[in-house]
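**Student:** There's a structure below that I have some questions on.
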Amino acid sequence: MPDVLLGQAYYLRFDPKLHQAQQPYAPLGTLYAAAFLRQRGHRVALFDAMLARSVADWTTALQHHQPRLAAIYEDSFNYLSKMCLLRMREAAFEMIDRARAVRVPVVVSGSDATDHPELYLRRGAAAVILGEGELTLAELAERLLAGSTIDAVPGIAYLDDTCALHRTAPRPFIKSLDELPFPAWDLVDTNRYREIWHARHGYYSMNIATTRGCPYHCNWCAKPIYGQRYAMRAAKAVVEEIAWLKHHFAPDHLWIVDDVFGLKPGWVEEFAALLNEQGAQIPFRCLMRADQVTPAVARALASAGCRMLWMGAESGSQKVLDAMEKGLRVDDIRAANRALQAHGINVGVFLQFGYPGETWEDIEATLQLARELKPADIGVSVSYPLPGTGFYERVRQELGVKQNWIDSSDLSTMYKATYAPAVYRRVHGLVHHEFRARKSADALSAMLRAPWQLRPVHARRAASWFYNRAALALMRRHVSQLRIESSC
Ligand code: SF4
């Protein structure tokens, strides 16, 4: 019987868009917490909501493991947990109810709970962990399992006997990430993940973290868990973990989940050299700032096995980037794109629409940038006011009852943007359509260059090209009509 049952409330099935995409990753942050508790002598079990059908599976896990303590510990490396999707908050509340129904105390850790601890405490959580969780969870577990009081534990919120809310002193960040044990992968049903990935994509991808936090100040980006600091693991330690993953699970691909990968000068080059020395490369994708991607870094990334690099381009308008305090020039994005493509690395770009003050000309500049970069993939969103950010404070008075998206396809602007939400949804569709039209045009021209290699799949691509061309014209007309109506 475990002391602690750890679970998270991000249920892939509750997020239709991502469930459809079928690219599940195990809850890495939760696995770090599990490994840390074990290192402190606790027996742990894992409930993995990513693979679960519903909250009923959590009830089954509670009955099966009969833990003495439950921890709803969100995977803070999953960017969707930062968005505090309402469907997942509801799931967390139900999980609290079900643990309490069998008299198991619950503690909660995550972005939403850190931002709104009172909601979780009033629902019945014994404590909410504020910020980075491992040290606080271990101390809470020791005290709760021993029946001691928790009011002296740093880094938590709790309700006292009169139901008044208290926050204890902040918990200092973990100084050296290299002292943390590897995530507790043995608790995960890796075979199930492998099956899902293989069935849909033909390969198996796992996740790994090399840093925590980010020192930049983009004013819409929240960092409630890992903060404004930037902590990096030693390149040697990361290479050891990759070699360990390769030996035990043989993944075909890795997703490096860092908000900003490889910021320290020389780190990427050292990482690439060590990987080559040990023959431990696994093709990977990661996320970097465009202004960090020099030609030398691009070369090192390619030699380390980077197949895809995502950049937060956000906007093609310098005015909007400056308003976001992104600290980036549009030309940085172009230069990084050139350097990466020159080394055979696919580029993915995140684009964002609806930032306050963005005009139609700014939107056009972003559409134009997406056409010019010819990325291998795109991620399109609308600006989302996250608590604790300058952007949130700026639009706070405009927020109504709805302050969170329900799931990741929601795309509501919850403040007064330049245009109505329907316009941004259409622009979102338009960017994706343009992207698909370009991809099918590329496929078509490759096909025409080598007609002797024609297969049935090429006929489908050709049909898709004609369809996308026709749909694109209609879509552009519709967006412009909606924009005019929305401005009236
Ligand atoms: S958007 Fe990226 S670079 Fe900017 S603060 Fe957030 S994590 Fe850092």
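The numbers here are math on the coordinates, done by the rules we state, and not lab data. Small disclaimer: the values here were computed from a predicted structure and weren't measured. In this analysis, Cβ positions are derived from the backbone assuming ideal geometry, glycine residues included, and neighbour counts consider all displayed protein chains.
**Student:** Using 0.36 nm per residue of separation minus the Cα-Cα distance, give me the extension gain between residue 319 and residue 441 in nm, one decimal.
**Tutor:** 40.7 nm is the gain from fully extending residue 319 to residue 441.
**Student:** Would you work out the charge dipole size for the range 428-488 about its Cα centre, treating the Cβ of every Lys and Arg as +1 and the Cβ of every Asp and Glu as -1, and quote it to the nearest 20 debye? Can you show the working numbers first?
**Tutor:** Numbers: 11 positive and 3 negative charges, 41 e Å.
The dipole of the range 428-488 has a size of about 200 debye.
**Student:** Rank by packing, highest mean first: peptides 188-196, 363-371, 253-261, with packing defined as the count of other Cβ atoms within 10 Å averaged across residues. Intermediate values should be presented prior to the final figure.
**Tutor:** Working: 188-196: 15.9, 363-371: 18.6, 253-261: 21.3.
Per-residue mean Cβ counts within 10 Å order the peptides as 253-261, 363-371, 188-196.
**Student:** What number, in percent, do you get for the relative contact order of the chain if the mean sequence gap of Cα pairs under 8 Å and at least 6 apart is divided by its residue count? Intermediate results must be reported in sequence, preceding the final value.
**Tutor:** Numbers: 861 pairs, mean separation 56.7, N = 488.
After rounding, I find 12 percent.
**Student:** Once phi is turned into θ = phi - 60°, what whole-Hz ³J(HN,Hα) does the Karplus curve with 6.51, -1.76 and 1.60 give for every residue of the range 287-303, x standing for Gly and Pro?
**Tutor:** Each residue's phi maps through the Karplus curve to give 10, 9, 7, 4, 6, 9, 8, 7, x, 5, 5, 4, 5, 5, 4, 4, 6 Hz.
**Student:** If you don't mind, another one. Which part of the range 27-56 falls in the paramagnetic zone of residue 244, meaning amide N under 19 Å from the point 7 Å along Cα-to-beta-carbon?
**Tutor:** 27-46
**Student:** Please enumerate, by chain and number, the aspartates and glutamates with C-alpha under 12 Å from the C-alpha of residue 319, excluding those fewer than 8 residues away in the same chain.
**Tutor:** 358, 361, 362
**Student:** About the Cα centre of the chain, what is the dipole size in debye to 20, counting +1 per Lys and Arg Cβ and -1 per Asp and Glu Cβ, all else neutral?
**Tutor:** Values: 57 positive and 51 negative charges, 307 e Å.
Charge dipole of the chain: 1480 debye, to the nearest 20.
**Student:** May I ask you to order 18-24, 395-401 by the average number of other C-beta atoms within 10 Å around their residues, highest value first? Before the final figure, lay out each step's value.
**Tutor:** Values: 18-24: 14.0, 395-401: 10.9.
For the peptides 18-24, 395-401, the packing ranking is 18-24, 395-401.
**Student:** With the cut-off at 20 Å, tell me which of the pairs 82/175; 17/82; 82/223; 236/264 have Cα atoms farther apart than that.
**Tutor:** Details: 82/175 23 Å; 17/82 17 Å; 82/223 8 Å; 236/264 14 Å.
Violating the 20 Å Cα-Cα cut-off are 82/175.
**Student:** Which is farthest toward the positive dipole end of the range 300-453 among 379, 302, 400, measuring Cα position about the Cα centre, with Cβ charges +1 (Lys, Arg) and -1 (Asp, Glu)?
**Tutor:** Sorting the options by dipole projection puts first 302.
**Student:** Right, next: Hey, can you rank 199-211, 88-100 by average C-beta count inside 10 Å, highest first?
**Tutor:** Details: 199-211: 17.6, 88-100: 20.5.
Going from most to least packed, we get 88-100, 199-211.
**Student:** Evaluate the relative contact order of the range 245-373 (contact order divided by residue number), counting alpha-carbon pairs under 8 angstrom at least 6 apart; express in whole percent. Can you show the working numbers first?
**Tutor:** Working: 189 pairs, mean separation 31.5, N = 129.
Dividing the mean separation by the residue count of the range 245-373 yields 24 percent.
**Student:** Just want to confirm a number: the relative contact order over the range 431-474, from Cα pairs under 8 angstrom separated by 6+ residues, in percent. Intermediate results must be reported in sequence, preceding the final value.
**Tutor:** On the way: 26 pairs, mean separation 24.3, N = 44.
That works out to 55 percent.
**Student:** May I pose another question? Residue by residue, what Karplus-based ³J(HN,Hα) values in Hz, rounded to whole numbers, does the range 442-458 have, using 6.51, -1.76 and 1.60 with θ = phi - 60° and x for Gly and Pro?
**Tutor:** With the stated coefficients, the range 442-458 comes to 4, 5, 5, 6, 4, 5, 6, 6, 9, x, 5, 9, 4, 9, x, 4, 5 Hz.
**Student:** Right, another one. Using a simple spin-label model with points 7 Å from Cα along the Cα→Cβ vector, what separation in nm is obtained for residue 486 and residue 103?
**Tutor:** 5.6 nm
**Student:** Using the Kirkwood formula over every pair of different C-alpha atoms, what hydrodynamic radius in Å results for the range 330-488?
**Tutor:** Numbers: mean 1/r = 0.0563 Å⁻¹.
Mean inverse Cα-Cα distance, inverted, gives 17.8 Å.
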